[in-house]
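The values are calculated or read from the model by the stated rules, or taken from the named source; none is laboratory data. The structure presented is a predicted model; accordingly, all values stated were derived computationally and were not measured. Glycine also receives a Cβ, built like all others from the backbone with ideal geometry; neighbour counts cover every protein chain displayed. Accessible surface is based on the protein model in full, side chains and every heavy atom, while ligands, DNA and RNA are left aside. Shrake-Rupley method; radii C 1.70, N 1.55, O 1.52, S 1.80 Å.
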Amino acid sequence: MEGADKIDNHKHKESKEGRGAKEKKKDLKAKKDGSRKERHNHRAFSVANIVRTQRTIQRNLDRSQKKEYVPQKDRRSAHPNQSPPSLVVVMGPKGVGKSTLIRSLVKIYTNQNLTTTTGPVTVVIGKNKRITLLECPNQPASMLDCAKIADLVLLCVDAKFGFEMETFEFLNILQTHGFPKVMGVFTHLDQFHTAKNLRKTKKLLKQRFWTEIYEGAKMFYFSGIVNGKYLKNEVKQLTLFISRVKYRPLVWRNTHPYVLIDRHEDITHPNVTDKDPKCDRSITFYGYVRGSHLKAGMKVHLIGVGDFDMSIVSTLSDPCPIPEQDDKTLKKKDALLFAPLSNVGAVSFDKDAIYIDIGRANYTKNTELEGNNKEVSDREIDPEEPAGMLKGLQDIDSAVDEKMESAALRLYMGSKAVPAGYDYDSDAERDESSVLPSPSAHDDGHRAEIYPGIKVHKSDSYKEESTDTPEESNSDEDSTEGSDDGVEDESDDESKYDIEGGGGEMSWKRDITKHAVESFLVRQASKLNLKEYVYGSNGGIQVTDDQGEDDGESSDDEEFFKLKASSREKEGSHGSTKLSLSVLTENDSCRIMGNERVDSEVDRWLSVDSSLIESVRDKFVTGNWGAKQDGDLGSFEDLETGERYGPGGEVLSDNGNSDSEDESVGDMNDAELRDYHAKKKASLKRRYDQDYDEKKVTNGSETKDEDAENKYLEELKRQKEERSKMNESEFGEEGERARLRHEGFRQGLYCRIQIDGVPHSFVKNFNPNLPLVIGGLTPQETNLGLTRCRIKKHRWHQRILKCNDPLIFSIGWRRFQSIPTYSTEDENGRHRYLKYTPEHMHCFATFYGPQAAPNSGILAIQRLSGNISGFRIAATGVVLELDASFPVVKKLKLVGTPTKIYKNTAFISGMFNSDLEVSRFEGASIRTVSGIRGQVKKAAREGQPGSFRATFEDKILLSDIVFCRTWMPVQMKEYYNPVTNHLESGDESWHGMKPKAQLQIETKIPIEVNPDSIYKPIDRPDVKFSKLNIPKKLEEALPYASKHKNENKRNGKGYVARRAVVMESSEKKKYSFLQALNSIRNEKVKIRKDKKENKRIDQSKKSAKKEEALLAIRKAAKKRQYRAEGKREKAKEAKRQKVG
């Protein structure tokens, strides 16, 4: 078809006839005439089912509401090198493959094989990310420490064995101290022989894992091990999710700095440790700062050791930085690994030394490659670089002790080196003639050695004696000695020691008084006077710090004893009329530096006719601070808000009416000024509210909710970047140092922290397998006091908690033991003492210890050491309030008995011991056991001491017991014992206070029995009440129903029982026949029962024999089953030990 490209799609033809066409024509005609009526059917677009639609809308709203949360500020920097590595904790019971998992991850990331996984292992996993892997030991103290600092938890579970108790304990610890991201890793899947069992087990594990974490938590399945590592593809899936995970900021870590210690060094002086091996040590700790900013004066808590003050905090270069490159992926050569305690590579760290294993790495110098070829030049390598250090180690020809014997020490450049073993006392015995040798002894050169280690020039011919002072000579000689060529300086001001010939008299001794006077005048003229610089001086001496022509060549050591010359001498010697000043920095703006010189023309400041000094004279405190000159200070502008302020603090407008406003404000009094500023403030607020409302309306009408939220987040990000740029610009040239000085050490910096006063047992018993953390403390957390918390016994803990039994609390960074007091709150706000914790309810606990911020999580454990069967976490809770004292009361009943009774008044004794106690309880409410209420009145004069008179609402009996309910305050036990497991030989060796029950069991002491607490049988005799006597007149007036009915007891049988029955002969025959039938039936029933009983006995004997046979068979089968299970368990344990 030639015209196929020109064929258009056919449209539906409009109907020109019929009902639809007629209606349409009619509608068009009405529309043209304007007579068309608009129809509004309100049900045309309504829903079909209103209830279902309402439920759908409500469900969508509920789902959107659940997604809303209060965002926490993430302190992590956007730049990868400025944020610390993410901490990934690998946790699991013993033998589940934690170390194998870490080795497999390190192999994937860095292609290196780890022999041990001790301590933190920092790995660069991508171009913009790095992580720190840490294996969590299976101990309660270490689990607490790891849960407080983990960003991501890899929970290892043996899929063949199932979930173990340690896994659930660690999850509960995470829930208490802030729940980070958790991912499950299930191992030992290769032990399932059938796919059906594997699928079933995976389903059960997933359901249980999602119940504990959240529905949809990520899980990874590792099927087997090849060459001691997991399969590569399975590990790569895990690395993919580790690189993409987003960490949620936790409140405690956002407000507290902490450092996970990579390594530490003991820098205590050896002489101190030799004298006292048990002295406190000075230790330096190294690690990344995490959380908030670590400030130098902050008090820190070394978890497991105690509280300390940081002596020195300094930053170091990042040991594991992210490579800076433009590629999208991380190359293998850039993959970095930092594991100081795992002996990675050639560097290994010990307790007191660092070892470098250079192995068989040799090198050949360039000079030895082609013999004496001069074209080959050896490249100069800085000995401070790693390559230079290694080459220096390989160039060693002799041992250290041999080099120490031939070593020498040179104090100053150009001085004589003092060899090892030099005896100063023997040289001191030499006389003065040997110290000052004659010129003939040094005829072979220009230099002469006068003092040991000090060389001076010797003139070729005897010249005129020098007029310089000895101090100037020494300084000039030192500068000349420092020159490489050894040639004398040509300057006329350079002084020389000219030794006269013949008599041996030295030139420096001539006119020594004159030289001393000149030296004093020079020193007097060299003193700086700031007042003369500011206000001028009459003939004052202006001092400069210029050096000679050859001073730039001399080193810093040569200028150590150099004297500063005055400006007048410099003008005379050099003919210069300008004054040279140094560059002033922010470190010391009042000192004249001697390193760099910048010529500045200040003659116009020092001239007599100049008015420059007068122009700045009033800028100082000694100037004239008049009202007119106050306005000369000018206005300034606030860079943040953009507002301009005048010299008096008033706000200047942006337009040109500021001068007129200043004049009007200056004429106002105080009341008018207040009104003026109030109106101005109100107008500014109205303007701000109007702008804010307009922005809100426009944003709400033009954008959707998601777009508005994205724009809001982008705006926050932009503001954060602007603030960071402004901070960097404000800190100036010394940005990093000034920033550290003002805001502290921010997170991501690798710091060196020195702590003094650490106990020696920490160094002696240090275990590198346990995590070591330094946590920063706020000023409030360093105080000790009472803490009230809401606590609940864990549902999996076997026993209820008893009051006054010690518990180990974990709050914040601390782990300590204290004695809690349990209570519950009544309706009237009173806290009532509880002896035991409720079974399934919350209660209040008050204990003594370091204070923590309210809403901090609390976790309690009874014991850290020993073999504990069952769930070890005793209780969990949250801090409510802090105070010096909390009122907790317990019930006390005072019991008394009545001695005399007068109608509603009675005398009670035995309740109090003295009249003073009675006066204290006057007006108190009392009650009898029968429920009659009363009140204490006054003490009785007669009777037993402590007797009192009381009134009741009814007459009581002498047999009644009267008691008074009182509330007695409970004294809190101030006991605080920090858990110092790092100071012991192992984590399991720390023992705190033991409960009373445990001590009784260990020492086999019988339980104390209080006789008053024993329940005794109560014999209550039956009370016989006397007969109620109602007067006859009163009984007659009562209605019949209320009258007493006197019924006499009938004696003997009634008429029916006593009457005689006479039967006829036919009746007697029937009666006897019935008796005979009953007798026959009873006999048959008896015989049938006997046979049935005998049959049951025989059946029971047969069943007993059969049961015995079955029992023997079952016993043999169980024995075989237990034997097989034992073999499997033994093989499994051996495999675990081999893998672990």
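I'm checking my understanding of the structure. Among residues of the stretch 879-923 that are more than 30 Å from residue 958 (Cα to Cα), open to solvent by 30 Å² or more (accessible area, probe 1.4 Å) and among the hydrophobic types (A, V, I, L, M, F, W, C), which one is modelled with the lowest pLDDT?
Among them, the one singled out is 884.
No other residue among 786, 807 is touching a Phe, Trp or Tyr at 6+ places or on another chain (Cβ under 6 Å), buried (at least 17 other Cβ atoms within 10 Å of the Cβ) and within 20 Å of residue 973 (Cβ to Cβ) apart from 786.
Being at pLDDT 70 or above and surrounded by 10 or more Cβ atoms within 10 Å (Cβ to Cβ) is the requirement here; does residue 27 meet it? Against the criterion (at pLDDT 70 or above and surrounded by 10 or more Cβ atoms within 10 Å (Cβ to Cβ)), residue 27 qualifies.
Is it the case that the stretch 113-127 has a residue that's open to solvent by less than 10 Å² (accessible area, probe 1.4 Å), of a type outside the set (Gly, Ala, Ser) and closer than 30 Å to residue 797 by Cα? No, there is no match, as no residue in the stretch 113-127 is open to solvent by less than 10 Å² (accessible area, probe 1.4 Å), of a type outside the set (Gly, Ala, Ser) and closer than 30 Å to residue 797 by Cα.
As a summary of the residue check, residue 846 satisfies the conditions (1) of a type in the set (Ser, Thr, Tyr); (2) open to solvent by 20 Å² or more (accessible area, probe 1.4 Å); (3) part of a strand (DSSP E or B) except for the one numbered (2). Criterion applied to 1002, 974, 1036 was being surrounded by fewer than 10 Cβ atoms within 10 Å (Cβ to Cβ), under 26 Å from residue 815 (Cβ atoms) and of a type in the set (Asp, Glu), and the one residue passing it is 1002. Within the stretch 97-125, the set of residues being closer than 13 Å to residue 337 by Cα, in a helix (DSSP H, G or I) and more than 28 Å from the chain's Cα centre (by Cα) comprises 107, 108, 109, 110.
Which of the helices (runs of 4 or more DSSP H) contained wholly in the stretch 155-248 include at least 1 residues that are under 21 Å from residue 873 (Cα atoms), among the charged types (D, E, K, R) and open to solvent by less than 40 Å² (accessible area, probe 1.4 Å)?
Helices (runs of 4 or more DSSP H) meeting the threshold: 165-176, 195-212.
Of note, residue 311 satisfies the criterion of being farther than 21 Å from residue 768 by Cα, among the hydroxyl-bearing types (Ser, Thr, Tyr) and modelled with pLDDT of 90 or more. Checked against (1) closer than 30 Å to residue 765 by Cβ; (2) open to solvent by 60 Å² or more (accessible area, probe 1.4 Å); (3) over 31 Å from the mean Cα position of the chain (by Cα), residue 273 meets all criteria but (2).
With the condition kept exactly as written, say whether any residue in the stretch 164-173 is among the polar types (S, T, N, Q) and modelled with pLDDT of 90 or more.
yes
Among the criteria (1) surrounded by fewer than 10 Cβ atoms within 10 Å (Cβ to Cβ); (2) assigned to a helix (DSSP H, G or I), the one residue 1083 does not fulfil is (1).
Going by what's in this entry, would residue 839 be described as among the acidic types (Asp, Glu), part of a loop (DSSP other than H, G, I, E, B), more than 22 Å from residue 968 (Cα to Cα) and without any contact (Cβ under 8 Å) to a residue 60 or more places away in the chain?
Yes: the conditions hold for residue 839.
Tell me yes or no: at least one residue of the stretch 946-965 is touching a residue at least 12 places away in the same chain (Cβ under 8 Å), within 30 Å of residue 886 (Cα to Cα), open to solvent by less than 100 Å² (accessible area, probe 1.4 Å) and in contact with a strand residue (DSSP E or B) (Cβ under 9 Å, 6 or more places away or on another chain). Yes, the conditions are met somewhere in the stretch 946-965.
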